[in-house]
Amino acid sequence: MRTYDETAGDPGRHLNTGLLQAYATRPLSPESRDLVEAHVDRCAECRARLSPLLADEAELSSLWERIDLATDEPTRSQLERCALRLGVPEDAARLCAAMPALRWSWWGGAALLVLLTVAAARWSESASAPLLFFALVPALSAIGVVAVTGRRFDPAYVWLAVSPLGGFRVVLLRAAAVQVLSLVLSAAGAVGLPLPFPYTLGWLVPSLMLTAVCLALSSRMDALPAITLTLAAWAGWLVATYNTALPAATRLLLPGTQLGMAAVTLLGVGALIVLRDGFDRRGLA
Amino acid sequence: MESEERSAAQQVGLDRVGVRYGRRTALREVSLSLGRGVTGLLGPNGAGKTTLLRTLATASTPDTGTLSVLGLDPLTPTGRQALRRRLGYLPQNPGLPSHFTAYDFIDYVGILKEISDRQARRTEARRVLAEVGLTADRGRRIRKLSGGMRQRVGLAAAIVGDPELLILDEPTVGLDPEQRLRFRELIAGLGEGRTVLLSTHQTEDVAALCHKVVVLDHGTVRFQGTPAELALLARGRVWSSGERAPGALAAWRTGVGTFRNIGVPPTGASLVEPTIEDGYLLLLDGDGDGDRNGDGDGDRTPADAA
Amino acid sequence: MSARAMARVESARALRHPAFLVAVLLYAALWAYEAWSEGWSGQYPVLQDEDRYTQVTLLLPAVGALIGTNLAATRMHRHGAQPLCEVLALPLWRRTLAHLAAAVPPALVAAVLTGARILYAATAPTAVGSPSPVELVTGPVVVLLAGCAGVALARFTPSATAGPFAVLFLGALVLSSALGARGMKWVGPVGVESEFAAPLPAGLMHRPALTHLAYLAAVTGVLVLLALLRSGARPLPARAALVLLVATAVVTGAVQYRPLPDDLAARRADAERHPGDRQRCRVAGQVTFCAFPEFLNRAEDWRRVTDGILGRVPAAERTGPYAVRQRLFLAGGGEGVSATPPLQAWAQDDTRHRTPGAVTVGTGWGTDDIGGGEMLSFAVRFADRVVSGPGREGAPTGSMLCRARAVTVLWLAAQATPETADALRSLDRRSFGGVTLTTLESSQALSVSDPEVRVVLDLLDRPTAEVGDRLKSSWPALTDDRTSTERAARLLGVSAPANAEQASEGTLCAAR
């Protein structure tokens, strides 16, 4: 610092460039700053030399700002970055990223399970082997959705409970994200099923139905009872409609049943909308 | 005193609010009126403090009674939503997602509080983190933060968005004395022009911060007034002696070797200036029969008084 | 001492754990559903096969035990009480030992369930055979192995997802065993046999059950020692024992795959070609039933079918005596070309044992798809023998029943018992263009084309006595295979199918 003081106080001499640059870009000590400013007040030439440096300052400060912003960029997971690139709005992506329950271990395990059921369907001699796929895939979809929307699985639930966004919107957002991912996984598995085309989509409507029913139930009760009831009803229905004479040994793939399940899905969605204040009101009870 | 309260605009009013969990009654016909400034909530564990704060924060709905918070009715959906835009809440043992960094979490809370502009959110996040002193640690993951730091993250999340009403449930748990001082400065600053309601077990916090104190016990309000008035309740009932006085309601050994006793002082005892803690203890054991929880048996021991 | 107390507490918790309880409930529900759908007398258990079915169903409690013990052993870590555990006086390896001891009660529960199940099967009136104790013990050992695996996993990782992934791994092993992947049959906990193979007498079965049990025990030991060594048990014998057990596991695992021993292969060939040498016979009325000793109880069920058929035949036409002999055909049922049964050898065997022209019956019998098919095939063969008279065995393979004779034979067979009628209906639903009834899944079969099947199904809806009377009154015309199907239908009182003649063009029936 002492070297800068040499030029001060001498009107014939001008400030050296280093000092001017330091003044323009770095915070100087108060004495140095006063000296420079005092000189620049008097000396037009130094003023002229200073002004372009200050112009650089704008670029530099924007550069600093960009660096600063980058260091404060929230750490985004791979999935979130993909979602952003697909055009999902940033706050929606962040709300989904805060889902605690579904990590890579869940998706890996679910993928493995789907793979096993598809293998069983393809290579087993029994004609009712595809039933395992059609039974498990909708159940996985419902379990995934309830794991991200359930209060007991989210340690940060209380912040949602007092947020003006409202519990319902966040629940819908997270449920939609997980449902889409589940459907993609199921579709990938269904490619390997040894059934003709219309039957390989037979899991789609049941998946949506179970998700809708489970969400509607969870607006009025805790996550575990809701999913238990849903899965118990699903298992009971599958057992009751087991019939070896039908494709995949179940009534599930018949067009009449699929239409019926679509109707139940719509009812479930309707119930969910009507009961949506349950997500706000029940809070932390 | 009461006219002063009434003339200051009432910010929070409860009228005979009751909350039950199954067969247990957490709040019994609580009626309160709070104005601007910092109010402290004292009470033993299980008194209903957390329930009261949760009800005010719209995290749960009361079974009976009416509420008016900042002029809004939290029992209606629109009122609830409007209220949530203007309040900040720090729960007891705040749950934080462990894989987030501190900054990420505050950013997330910013989204939850409807700050959709990215730049504004970033500025706000950095502001609140600076207020609680976590600027250097904002990039660390929450699971790697110490307990006190996590508490400060929760505090920062509560003050995002500059809320008019701040509800803090045991905010100084886990903070060391220096951090607690800093917290008091922060709250005192916030208390000017805002309504702050905080519950605590530290009577020094109450003494230092609060304009008003409310004592809850078994779901009912036992006292509403200034801290000085609470201390005054014990005037003439606190004395010091060389050994544990036999007729005292509560007695404990102080650091300097003497005993501090609360109760009916014997003649000639050396009285001492009462503190808030003395008033609080006396209030909770006010009828003098040593029966603190009203179940009919004397359960007073020196340990009970602590 | 405190380890023992801890073992007691953990055992109680393991039995109460929701994962194990749900698994046992599901097991019970599955059992109840099977029992309800088949009925008490509707099942025909072969006990040497039932004993290994118990292993497959016990996989459910095994999964429950695995998850339960895993969650118990990781409990302290998952709930953040790990620092407390680090300063306990009881060392970690003793605690691990207590957790391992807690894997035993679920295995005991599994043993009780197995015992109950095999008892249930054995007390059915139609049970035959005898179970193997080694196979019965394997199921509970699998549950024990699963419990120990849960604890061992917990010592490697405290994550709660390890349990479900281990379950998926077990499921993959069982699935690859079931699908018949090369070399994978005995690596997993249960060696799954094909459900479609016919039951064999116990002396001819080749299942390395004892070796597999030793393999499972060795693997359990390896898991136990791994768990203990990971939790800090240091003694040298433990490591040496680990190496020894790993070697044992590898050796027994390899030995499981040894091929069929020569003497067993010889005995099987002998039993296939000369079954009479090993069989005992029972006479009931006009029919002599010969079977392998453990299957002799089936003679009652066979008798119901033969009585049902013979009852509709006019007395004059019952040219007895008839014989029924149980036979094996081991090359049947596989993929690819069906093999030819040793008809010459069977005819010689029959002559030697004084049962000329004995009708073949297999070891399978039941009310499900496979068993019903066996029932119906036997009934059709017996009815064919009755209608055609002696001298039919040794006829060329792949014969077809034509026109009126087809209707008569098939109707006689299908009406013999309600179960054979159900079997025909079920077979018809699954077949296209008529039905084919093979002899023990070999290339020899009797086929009936579609129009005749339609007529018989219509006849089954009419009162049996009425049709029986019509049959008896027009017996000669109805048992001649030159009589057309339409005439047969009219004689028996149902409407004739429209396309009977066209359907038989181009088949063997047109040649006659």
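Quick note: the coordinates plus some simple rules give every number you see, no bench work behind them. Keep in mind the model is a prediction, meaning the values are calculated, not measured. Cβ placement follows ideal geometry from the backbone for every residue including glycine, while neighbour counts extend to all protein chains displayed.
For this structure, a couple of remarks:
- By the Kirkwood approach, averaging reciprocal distances over each pair of separate Cα atoms, chain B gets a hydrodynamic radius of 20.9 Å.
- Stretched out straight at 0.36 nm per residue, the stretch from residue C:428 to residue C:286 would grow longer than its current Cα-Cα span by 48.0 nm.
- With Cα atoms, 0 to 90° folded angle of helix C:450-460 axis to chain C main axis: 90
- Once the Cβ-Cβ distance of residue A:224 and residue A:75 is raised to the sixth power relative to R0 = 35 Å, the FRET efficiency obtained is 0.65.
- Spin-label proximity, residue A:107 to the range A:177-192 - amide N less than 13 Å from point 7 Å beyond Cα toward beta carbon: A:177-186
- Our estimate of slack between residue C:255 and residue C:475, defined as 0.36 nm per intervening residue step minus the Cα-Cα distance, is 73.1 nm.
- Relative protection proxy for C:170-183, C:47-60, C:407-420, from highest mean packing down: C:407-420, C:47-60, C:170-183 (other beta-carbon atoms within 10 angstrom).
- For chain C, the longest principal axis of the Cα atoms and the long axis of helix C:2-16 meet at an angle of about 30 degrees.
- Value of Rg to Rh for the range C:419-471 (Rh from inverse mean 1/r over Cα pairs, i.e. Kirkwood): 1.02
- From the alpha carbon centroid of the range A:41-90 to that of the range C:154-208 is 61 Å.
- Remark: mean inter-chain Cβ contacts per residue of C:409-416 equal 0, using a 10 Å Cβ-Cβ cutoff to other protein chain atoms.
- Treating each Cα of the range C:2-259 as an identical point scatterer and summing with the Debye formula, the log10 of I(q)/I(0) at q = 0.08, 0.10, 0.15 Å⁻¹ comes to -0.34, -0.53, -1.09.
- Here C:75, C:234 are placed in order of increasing Cβ neighbour count within 10 Å, fewest first, which gives C:234, C:75.
- Distance (nanometres) between label positions extended 7 Å along Cα→Cβ at residue C:169 and residue B:76: 6.0
- Solution diffusion estimate, µm²/s, Stokes-Einstein, the range C:273-511, Kirkwood Rh from C-alpha pairs, 4 °C, viscosity 1.567 mPa s: 72
- Protection-proxy order for peptides A:252-263, B:60-71, each taking the mean of Cβ atoms within 10 Å per residue, highest first: B:60-71, A:252-263
- This ranking places C:104, C:151 by how few other beta-carbon atoms lie within 10 Å of each, fewest first, which gives C:104, C:151.
- The distance between label points at residue B:252 and residue A:26 comes to 5.5 nm (points 7 Å beyond Cα on the Cα→Cβ vector).
- With one equal scatterer per alpha carbon and no solvent term, the Debye-computed log10 I(q)/I(0) for chain A at 0.15 1/Å reads -1.11.
- Set of the range C:95-124 residues, backbone N closer than 20 Å to the point 7 Å along the Cα-Cβ line of residue C:81: C:95-103
- Lysines whose Cα lies under 16 Å from that of residue C:185, excluding same-chain neighbours fewer than 8 positions away: none
- Prolate/oblate/rounded label for the range C:192-256 (Cα gyration tensor, a/c 1.5): prolate
- Cross-link reach list, aspartates and glutamates versus residue B:144, counting only Cα pairs under 16 Å and skipping chain neighbours closer than eight places: B:104
- Global form of the protein assembly as shown, assessed from the alpha-carbon gyration tensor, a/c cut-off 1.5: prolate
- Packing, taken as the mean count of other beta carbons within 10 Å per residue, orders the peptides A:211-220, C:86-95 from highest to lowest as A:211-220, C:86-95.
- The mean number of Cβ atoms from other chains found within 10 Å of a Cβ in peptide B:93-100 is 5, as a whole number.
- Scattering profile of chain C at q = 0.12 Å⁻¹ [log10 I(q)/I(0), Debye over alpha-carbon scatterers]: -1.05
- In chain C, the longest principal axis of the Cα atoms and the axis of helix C:133-156 are about 40 degrees apart.
- Nonlocal amide H pairs with residue B:250, under 5 Å, H built at 1.01 Å: B:262
- Extending 7 Å from Cα along the Cβ direction at residue B:192 and again at residue A:38 yields two label points whose distance is 3.6 nm.
- Relative contact order computed over the range C:116-272 (Cα-Cα under 8 Å; 6+ residues apart), in percent: 26
- Amide hydrogen neighbours beyond the local backbone of residue B:89, cut-off 5 Å, H modeled: B:167
- The range C:318-390 shape via C-alpha gyration tensor axes, a/c threshold 1.5: oblate
- Here the Karplus curve 6.51 cos²θ - 1.76 cosθ + 1.60, taken at θ = phi - 60°, turns the phi angles of the range C:114-130 into couplings of 4, x, 4, 5, 6, 5, 4, 5, 5, 8, 5, x, 9, 6, 9, x, 9 Hz, with x standing for Gly and Pro.
- As a length-normalised measure over Cα pairs under 8 Å and 6 or more apart, the relative contact order of the range C:1-111 settles at 55 percent.
- Residue-averaged beta-carbon neighbours from other chains (10 angstrom radius) around A:163-171: 4
- The mean sequence separation of alpha-carbon pairs under 8 Å and at least six residues apart, normalised by the residue count of the range A:78-281, gives a relative contact order of 26 percent.
- Measuring r between the beta carbons of residue B:93 and residue B:117 and using R0 = 30 Å, the FRET efficiency lands at 0.40.
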